[in-house]
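Structure first, then comments.
The values are calculated or read from the model by the stated rules, or taken from the named source; none is laboratory data. Please read these numbers as outputs of a predicted model, since none were measured by experiment. For neighbour counting, all protein chains shown are included, and Cβ atoms are generated from backbone atoms with ideal geometry for every residue, glycine included.
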Amino acid sequence: MASGARPGAARPRAGGSIRATLLLWYALILVATMCAFGVVLYSSQRRALERELDDRVRGHARALAAAAEDDAEDGIELELADDYLAAFRLEGEEHPYFVIFDREGRVAIASRPGLDAPAAPETGLRDRGEYREALAAGQDGLLVLAGEHAGGVRRALRDFLALLIGSGAAALALALLGGFWLCGRVLAPIRRMSDAASEVSEANPAHRLNVGATESELGRLAGTLNEAFDRLQAALERQQRFIADASHELRTPVSVVLAGAEHALSREREAADYRETLQSILRAARRMRGLIDGLLTLTQADSASLPLVVAPVPLAALLREAVAFIEPLASARQVALELHGPEATVAGDRRRLLEAFSNLIANAVQYNRPGGRVRIEVRQSDEGADVAVADTGIGIAPEHLPHLFERFYRVDPARGREGGSGLGLAIAEQTVRGHGGTISVASREGEGSTFTVRLPATPGAGGASFPPGVSAL
């Protein structure tokens, strides 16, 4: 059984820690915003109250200075209403006061007895301890000082600050409750996606997320995850098919080895019988080695660790060697091999390219007719070189063409491999791709097939670039 969560096992709920993180950041941003707003609002209120106090004491000083007259017979008189002056005579710090100084700077009139408010050298506003005062010049050299205790401003600011903090705390609590609810609403689709994704397993690889029930950007994420699951399912199916095919391919040579060994050991035999049995075992072992080597090559290619030693390779000489290698098979099947084209040079690993082209040519010979031919043609360009391997064989049906380079794929499942590993085309494709090239196939049933390989040019001759991990000599 594949590793992972068992069906029905308890899973951690997705979004818990995300909700806490979102709520924490939301609270921090909200507190910072409210504090900044509160500081601005408190500062504005403080300036407004202080400006109001300054306007009030300045207004009293100017009014008193305009109304004060120094009469030589009756002394200093104030031409103001008694109701207005009564407010200055009340006892207590919260009430305003005034002092009028004569031209010698002596206190002539004080609104309340015992006021100790010295005259200032200049007119205008001043702070004296906890009092805010204004000095204005009147008629006949008189100076008028009006003041008020600043405690009223401080009390008003304290009340305003308490109101600000209380309302801010209430607003913060409501906002956090709303944020908690909103985080739950936002993360609910993610929880549903997580629960649905957890249902995708080796036992249920076809399960997918419901894109239609997921909102906006999360819907696109669900679609992307479904595409990833599709690729994983396809890879899992390929892996399962690969294992099944490899097991099937290995079963026959292993059976031959076991049967031959058991037959040889069942009784004493002549030397010729032992030799024949050993030759059969040797053929089976070679077939197994070829299959194992092919599987190793494909595994290395899948993991991007296929070793390639890249150097300039004369393509015509390489193809002549491949043709010479396949010639005995072609002669046995009465198939003619033809090689045409210029002396092109490509960048590649000579051993890997020889194996790839040998596989293509052998495949063309194997599925040809007696008396047929295989034409290998080289075409060179500034970007590199193309090699076309065309045969006059049985051809391939269109529905099989997309699957030709899959491992162990059989165009005709009933037809035997005739000793081959079934990996030749897959190895050829991986080799060409590893060289930064491409391979394609065109075929018509009853007329033949053409495999075309395109490879990059020699370094410096065509601006070729190589895949990561490939060394160039």
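The figures follow:
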{"quantity": "Qualifying residues in segment 341-363 (those that are at pLDDT below 90, farther than 12 Å from residue 318 by Cβ and within 48 Å of the chain's Cα centre (by Cα)) - the one surrounded by the fewest Cβ atoms within 10 Å (Cβ to Cβ)", "calculated": "362"}
{"quantity": "Which listed residue is modelled with pLDDT under 75 and in contact with a helix residue (DSSP H, G or I) (Cβ under 9 Å, 6 or more places away or on another chain), from 298, 315", "calculated": "298"}
{"quantity": "Condition check for residue 172: touching a helix residue (DSSP H, G or I) at 6+ places or on another chain (Cβ under 9 Å), within 21 Å of residue 25 (Cα to Cα), free of Cβ contacts under 8 Å to residues at least 40 places away in the same chain and in a helix (DSSP H, G or I)", "calculated": "no"}
{"quantity": "The one condition in (1) more than 30 Å from residue 57 (Cβ to Cβ); (2) surrounded by 13 or more Cβ atoms within 10 Å (Cβ to Cβ); (3) at pLDDT 90 or above; (4) not small (Gly, Ala, Ser) that residue 174 fails to fulfil", "calculated": "(2)"}
{"quantity": "Residues satisfying the stated conditions in segment 65-106, i.e. part of a helix (DSSP H, G or I), within 20 Å of residue 125 (Cα to Cα) and either in contact with a His (Cβ under 9 Å, 6 or more places away or on another chain) or modelled with pLDDT of 90 or more (or both)", "calculated": "88"}
{"quantity": "Tally of residues being part of a helix (DSSP H, G or I), modelled with pLDDT of 70 or more and exposed (fewer than 12 other Cβ atoms within 10 Å of the Cβ) across segment 244-292", "calculated": "7"}
{"quantity": "Residue check, residue 31 within 30 Å of residue 76 (Cα to Cα), surrounded by 14 or more Cβ atoms within 10 Å (Cβ to Cβ) and either within 35 Å of the chain's Cα centre (by Cα) or at pLDDT 90 or above (or both)", "calculated": "no"}
{"quantity": "Residue satisfying all of: in segment 323-336; closer than 17 Å to residue 424 by Cβ and either in contact with a strand residue (DSSP E or B) (Cβ under 8 Å, 6 or more places away or on another chain) or of a type in the set (Ser, Thr, Tyr) (or both); surrounded by the fewest Cβ atoms within 10 Å (Cβ to Cβ) among these", "calculated": "323"}
{"quantity": "Filter pass, residue 153 being β-branched (Val, Ile, Thr) and in contact (Cβ under 8 Å) with a residue 40 or more places away in the chain", "calculated": "yes"}
{"quantity": "Lone qualifier among 453, 441 - being assigned to a strand (DSSP E or B), buried (at least 20 other Cβ atoms within 10 Å of the Cβ) and at pLDDT 80 or above", "calculated": "453"}
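Yes or no, residue by residue, for (1) farther than 22 Å from residue 48 by Cβ; (2) among the hydrophobic types (A, V, I, L, M, F, W, C):
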site: 84; (1), (2): yes, no
site: 104; (1), (2): yes, no
site: 121; (1), (2): yes, no
site: 133; (1), (2): no, no
site: 144; (1), (2): yes, yes
site: 148; (1), (2): no, no
site: 155; (1), (2): no, no
